Amino acid sequence: MTFIQSAAELGNQYRDDRVLRSQLARSLPAAMREGIAPELDELGAHAADAWRRARERSAPEPVLTQWDSQGRRIDRIELTPAWHESREIAARFGLVAAGHEDTYAEHARVHQFAMVYLHHVASAFFTCPLAMTDGAATCLKAAANTELLARAWPRYLSRDPQTFWISGQWMTETPGGSDVGNSETVARSDESGRWRLYGRKWFTSAVQADTALALARIDGAGDGADALTLFYLEPRDADGRWRDLAINRLKPKLGTRELPSAETELLGVPGTPVAGVGHGVRAIAPMLNVTRSWNAVCAIATMRRAIALARDYATRRRAFGRLLIEHPLHQTTLGGMQADFEAAFQLTFHVAELLGRAQHGKADADEAALLRLLTPLAKLWTGKLAVALCSEAIECLGGAGYIEDSGLPQLLRDAQVLPIWEGTTNVLSLDVLRVLRNPAAFGAWQAAFDALLQTVDATGLQPAAAALRAGADELAARLAALAAQPERLEAAARELALALARHFAAALLLRQAAWSLAHENDERACAAARRFVAGCTGAPVAQADDDARLARDA
């Protein structure tokens with residue numbers, strides 16, 4: 001046995017990412033791009049180095065020690081080295097702060113999410129508490145709670161690892177996850193007038209976070225979601241001891257194993273209402289656009305990593321007399337993966353653009369309506385797609401991909417959480433139907449869709465644009481036909497939501513392709529757009545060499 005197959009390798013993940021660099025070139029001012037390029041380059045280099053180091057060691061997991069040697073309950077959690085490293089990186093690069101600072105105004109979210117996109121896979125899912133911290137900051141700001149803002153806001157946005165705080169979300173209980181109306185945790189006022197929470201939280205992600213937002217029902221309040229109150233918690237005291245809280249166990253999860261998720265007992269944890277008493281679910285709403293956007297960004301980052309590994313391996317592995325990358329069928333497989341990823345990338349970063357505009361008061365009514373619709377669409381589609389592309393990437397490597405040391409099995413396990421967190425595909429599909437009850441939402445979708453296609457003037461993209469317009473017309477007719485049939489409309493919600501996401505993503509990709517061709521003389525985005533529209537509509541608009549071009553990304 002003298003032959004040893006070389007493994008897939010990664011280069012600088014910023015320099016090697018043509019899609020990200022082209023997107024930033026189109027959407028950001030030149031001076032801003034030059035200003036942020038060094039930190040993006042540093043994160044791209046770190047991503048490759050972290051991947052290499054992870055392949056050289058066994059994957060560690062957090063460890064819970066519930067009792068000390070004298071029988072005292074301590075519930076000490078030892079975190080992994082990658083988690084400690086990611087906390088430092090998150091603070092230093094301002095992975096939360098960048099989304100809220102005024103430095104780049106309405107472009108702040110694009111800047112922030114470009115960094116998150118590059119760092120996600122290397123972060124050991126530290127992006128989970130970062131998303132929740134971003135959401136917590138958004139909630140406190142929306143509630144205009146001056147006391148909590150004064151205490152937590154500077155720490156959430158700190159760029160100093162010593163003062164940087166992260167937040168968790170303690171919502172899920174055994175009676176319900178997405179359906180939080182059945183929550184059983186209660187809040188009682190103690191003799192000093194301080195609220196204290198009692199109950200069991202079945203799934204607390206990042207249990208080691210410095211703060212948390214939790215839902216509880218004030219003792220004696222009525223049933224249902226409206227009777228819940230949103231509380232701000234600091235679960236540990238200044239010495240790091242739990243404040244009337246017990247960790248029952250760390251969750252034995254399919255993936256995201258470096259992320260310490262726990263079952264907890266709240267035994268009188270002190271809390272402060274975020275937005276007054278009651279209507280806690282309504283108080284959570286401002287964070288949803290934020291955390292769902294994070295989910296989508298992490299999904300496309302996962303796709304990009306899977307494809308990069310599959311592509312590099314295809315340039316190294318020989319089978320049946322030639323490199324995998326030279327086989328037409330393998331080119332078709334890689335080409336389809338790349339096209340799907342590019343479309344998902346465009347949709348996700350368009351949501352980031354809209355979020356930044358809305359946050360800085362630059363979004364008009366149509367853009368605000370479009371953001372509300374596109375956010376759940378982007379989250380639900382990219383979450384499902386990340387799982388599919390990771391699975392396909394494993395298959396691209398064959399048996400080598402199935403081996404744990406390749407890193408791809410962990411990538412697939414971790415990806416599986418993306419369609420679940422922040423609302424499953426079905427839950428978000430129903431949310432899309434709620435949004436569509438407002439005619440302005442679909443009107444904004446149609447107007448933006450039409451405006452995107454009007455920018456597509458390249459001759460080689462016209463057949464794809466025409467096919468996509470026809471597909472959108474059919475989709476609009478289907479929605480109209482189902483509008484008066486609520487049972488059938490609900491049954492079709494997932495199919496419709498995925499179609500809305502894919503059609504809008506295709507229009508965005510066509511716009512980017514036309515821009516890339518005109519300004520960069522680069523036809524690769526055109527190949528991706530044609531390939532994706534062909535898959536989206538069934539129209540034969542792809543060209544013969546599109547898959548080969550996309551497979552090599554050259």
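List of remarks:
- Selection status of Arg311, in contact with a Cys (Cβ under 9 Å, 6 or more places away or on another chain), in a helix (DSSP H, G or I), at pLDDT 95 or above and surrounded by fewer than 24 Cβ atoms within 10 Å (Cβ to Cβ): yes
- Against the numbered list (1) surrounded by 15 or more Cβ atoms within 10 Å (Cβ to Cβ); (2) touching a strand residue (DSSP E or B) at 6+ places or on another chain (Cβ under 9 Å), Thr65 comes up short only at (1).
For every residue, the table says whether it meets (1) among the hydroxyl-bearing types (Ser, Thr, Tyr); (2) within 22 Å of the chain's Cα centre (by Cα).
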| site | (1), (2) |
| --- | --- |
| Gly168 | no, yes |
| Ser205 | yes, yes |
| Thr229 | yes, no |
| Leu233 | no, no |
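- Boolean, Leu118 is within 23 Å of Arg413 (Cα to Cα), within 14 Å of the chain's Cα centre (by Cα) and either of a type outside the set (Phe, Trp, Tyr) or surrounded by fewer than 20 Cβ atoms within 10 Å (Cβ to Cβ) (or both): yes
- All of Gly99, Gly71, Gly44 fail the test of being without any contact (Cβ under 8 Å) to a residue 24 or more places away in the chain and not basic (Lys, Arg), apart from Gly71.
- Residue within the range 406-427 that is of a type in the set (A, V, I, L, M, F, W, C), part of a helix (DSSP H, G or I), surrounded by fewer than 20 Cβ atoms within 10 Å (Cβ to Cβ) and modelled with pLDDT of 95 or more present: yes
Yes or no, residue by residue, for (1) touching an Asp or Glu at 6+ places or on another chain (Cβ under 6 Å); (2) among the aromatic types (Phe, Trp, Tyr); (3) farther than 26 Å from Ala142 by Cβ:
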residue	(1), (2), (3)
Gly181	no, no, no
Ala209	no, no, no
Ile218	no, no, no
Asp237	no, no, yes
Leu267	yes, no, yes
Thr272	no, no, no
Gly278	no, no, no
Asn295	yes, no, no
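- Residue that is farthest from Arg151 (Cα to Cα) [pool: residues in the range 170-225 that are part of a helix (DSSP H, G or I) and touching a residue at least 12 places away in the same chain (Cβ under 8 Å)]: Gly181
- Screening Pro270, Pro260 for residues that are part of a strand (DSSP E or B) and either surrounded by 21 or more Cβ atoms within 10 Å (Cβ to Cβ) or modelled with pLDDT of 95 or more (or both) leaves exactly one candidate, Pro270.
- Residue list for the range 464-479, filter: open to solvent by less than 70 Å² (accessible area, probe 1.4 Å) and more than 27 Å from the chain's Cα centre (by Cα): Ala464, Ala465, Ala466, Ala467, Ala470, Gly471, Ala476, Ala477, Leu479
- The lone criterion from (1) of a type outside the set (A, V, I, L, M, F, W, C); (2) over 30 Å from Tyr104 (Cβ atoms); (3) open to solvent by 50 Å² or more (accessible area, probe 1.4 Å) left unmet by Pro29 is number (2).
- Conditions (1) under 25 Å from Arg494 (Cα atoms); (2) in contact with an Asp or Glu (Cβ under 9 Å, 6 or more places away or on another chain); (3) without any contact (Cβ under 8 Å) to a residue 24 or more places away in the chain; number of the one not met by Gly336: (3)
- Search result, residues across the range 382-398 that are open to solvent by 10 Å² or more (accessible area, probe 1.4 Å) and farther than 14 Å from Ala310 by Cβ: Lys384, Leu385, Val387
- Residue that is farthest from Arg236 (Cα to Cα), among those in the range 256-277 that are among the charged types (D, E, K, R) and within 18 Å of the chain's Cα centre (by Cα): Arg257
- The residues of the range 531-550 that are within 19 Å of Leu329 (Cβ to Cβ), over 25 Å from the mean Cα position of the chain (by Cα) and either open to solvent by less than 50 Å² (accessible area, probe 1.4 Å) or in contact (Cβ under 8 Å) with a residue 12 or more places away in the chain (or both), listed by number, are Ala534, Ala542, Gln543, Asp545, Asp546, Asp547, Ala548, Arg549.
- Scanning the range 449-486 for residues that are hydrophobic (A, V, I, L, M, F, W, C) and in a loop (DSSP other than H, G, I, E, B) turns up Val456, Ala458, Ala483, Ala484.
The values are calculated or read from the model by the stated rules, or taken from the named source; none is laboratory data. Because the structure is a prediction, the values reported are computed rather than measured. Heads up, the Cβs are rebuilt from the backbone with ideal geometry, glycines too, and the neighbour counts pull from every protein chain shown. Each accessible area value is taken on the protein alone, full model and side chains, heavy atoms only, with ligands, DNA and RNA left out. Shrake-Rupley method; radii C 1.70, N 1.55, O 1.52, S 1.80 Å.
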